[in-house]
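The values are calculated or read from the model by the stated rules, or taken from the named source; none is laboratory data. These figures come from a predicted structure and were not determined experimentally. Neighbour counts run over all protein chains shown; Cβ positions are idealised from the backbone, glycine included. When the accessible area is computed, the model is the full protein with side chains, heavy atoms only, and any ligands, DNA or RNA have been set aside. Shrake-Rupley method; radii C 1.70, N 1.55, O 1.52, S 1.80 Å.
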Amino acid sequence: MFRKTTLITCISMAIPSFFVSFTKILVGFCLLCMVHKDFVVAGFEEVRVEHDTNETLTNSSITTAGTGEDGRSELCGTDLSFLGPPYGNMSIAKMVCSPIWNTFVLWYHQREDNVMTIILSAVYTTGWVGIGFSRNGMMLGSSAMVGWFNRKGHARIKQYYLQGAHVSQVIPDKGELPLNGIPPVVALHGAMIYLAFQAKFEHHLGRQPILLAFGTRYPTGFHHLTKHDDKTAVWFDFSQASVLNIDTSQRKNHGILGLMAWGLILPAGAMVPRYLKHKDPLWYYLHAVIQFLGFILGLASVLLGIQLYQSMNADIPAHRGIGIFVLVLSILQVMAFFLRPNKDSKYRRYWNWYHLWFGRMALFFGSLNIVLGIQYAGAGDDWKIGYGFLLAITLLVVIVLETFSCLRRRRDKPNLPSNFQMNTI
């Protein structure tokens, strides 16, 4: 009976001890399901669409293997008159044509007044095809033109605002592409679908991040897109008609390093002095080594983030600002290791307070920044579920260790009789 009561008491006493960890996890789970930024988008009116009524649709999947470089290059000689004016009236000699990805081929023409005519073609049977314009090669905050033919054979083409990675955050009839008054067109010609539109940009386009995607399922009611079957992001140089794939491995490595440092190693190192302090001096060396390893990984993550910012213009102020703040806190913690006063020093109490609370702030904002990074990168449900699972495991470990710590303290506490009194001097 005593052991059962003691265990219950220890569990109840453990609650305040991991309150900070629980708060961090609660905030993490909440933020994982939220969109952290509201975007101002421009309206877009219903557009005219055209299609070849002689073409029939099938229910097979889009072929993504491509037709080969030679075959795709031959498509650049296709007569585009079936698109109708003004797209079909443009001379092939004026249009720049370039295979861009899989079966996707891009035609374009820039006028002196910065009006650009863009035509995208791809092998098509069912579903939808889209091309997006991004500021930094990421989906979040981009605008896209998407075209498809529904089950009845009716053509549709709309602009979408990519507010987030989830399909519910891909908003139809919104976007920031500066379309002019010429209605966009979508058409079928042979085995290909063609999307054509015009936009007036502020300046001549040069090296521009382009998003390409397709889905084999039809958009649902109110033109909400279904999840894509495949996608890519490329740098396309409109001045030279050259394509350069965006290296997404850097972004992935940045996320992995940050997750390992601030989601696993540093929280584990922070638990050592609390739950292993009775193993002196082992706890001290474990704590120092683990935290130093976490600092190295965190620093590597920050350096990769700086490289991403420079190469992809990945301007995410909140994520970058919190990352710099956490890095400063981490450096202060490393400095604290070398400036640690002796136990009998009168400054030791202030050092303990500083080391404890700066460490807690670094862990909290590091966890918050992981959530922001997952959200802004549009990393998808795999990352969210993975980090949520890691947070849950951390909470469970804290509860178990706090309970055992409480039991150990009660076991080591001397049992004095209730009527025990000290002799007065």
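Laid out as a table, the results:
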read-out	value
Condition met for Val167 (over 25 Å from the mean Cα position of the chain (by Cα) and not small (Gly, Ala, Ser))	no
Selection status of Gln250, surrounded by 15 or more Cβ atoms within 10 Å (Cβ to Cβ), of a type outside the set (Val, Ile, Thr) and over 29 Å from Trp107 (Cβ atoms)	yes
Residues of region 63-109 that turn out to be part of a loop (DSSP other than H, G, I, E, B), in contact with a strand residue (DSSP E or B) (Cβ under 6 Å, 6 or more places away or on another chain) and modelled with pLDDT of 80 or more, as a count	3
Residue within region 341-348 that is assigned to a helix (DSSP H, G or I) and surrounded by 15 or more Cβ atoms within 10 Å (Cβ to Cβ) present	no
Residue among Leu329, Leu266 that is in a helix (DSSP H, G or I) and either out of contact with any Gly (no Cβ under 7 Å at 6 or more places or on another chain) or more than 18 Å from Gly366 (Cα to Cα) (or both)	Leu329
Hits in region 269-309 - residues which are basic (Lys, Arg) and surrounded by 15 or more Cβ atoms within 10 Å (Cβ to Cβ)	Arg274
Top-ranked residue in region 181-226 [being among the charged types (D, E, K, R) and assigned to a loop (DSSP other than H, G, I, E, B); ranked as nearest to Thr125 (Cα to Cα)]	Arg217
Residue match in region 362-375 (condition: open to solvent by 50 Å² or more (accessible area, probe 1.4 Å) and not β-branched (Val, Ile, Thr))	yes
Any chance Ala336 is open to solvent by 40 Å² or more (accessible area, probe 1.4 Å), under 24 Å from Gly263 (Cβ atoms) and small (Gly, Ala, Ser)	no
Selection count where residues are in a helix (DSSP H, G or I) and in contact (Cβ under 8 Å) with a residue 60 or more places away in the chain, scope region 276-322	4
Leading residue by the ranking (least open to solvent (accessible area, probe 1.4 Å)) among those in region 376-394 that are in contact with a Lys or Arg (Cβ under 9 Å, 6 or more places away or on another chain) and part of a helix (DSSP H, G or I)	Leu391
Odd one out for Lys200, checked against (1) surrounded by fewer than 18 Cβ atoms within 10 Å (Cβ to Cβ); (2) basic (Lys, Arg); (3) farther than 16 Å from Ile118 by Cα	(3)
Top-ranked residue of region 211-234 - restricted to ones that are in contact with a helix residue (DSSP H, G or I) (Cβ under 9 Å, 6 or more places away or on another chain) and among the hydrophobic types (A, V, I, L, M, F, W, C), ranked as surrounded by the most Cβ atoms within 10 Å (Cβ to Cβ)	Leu225
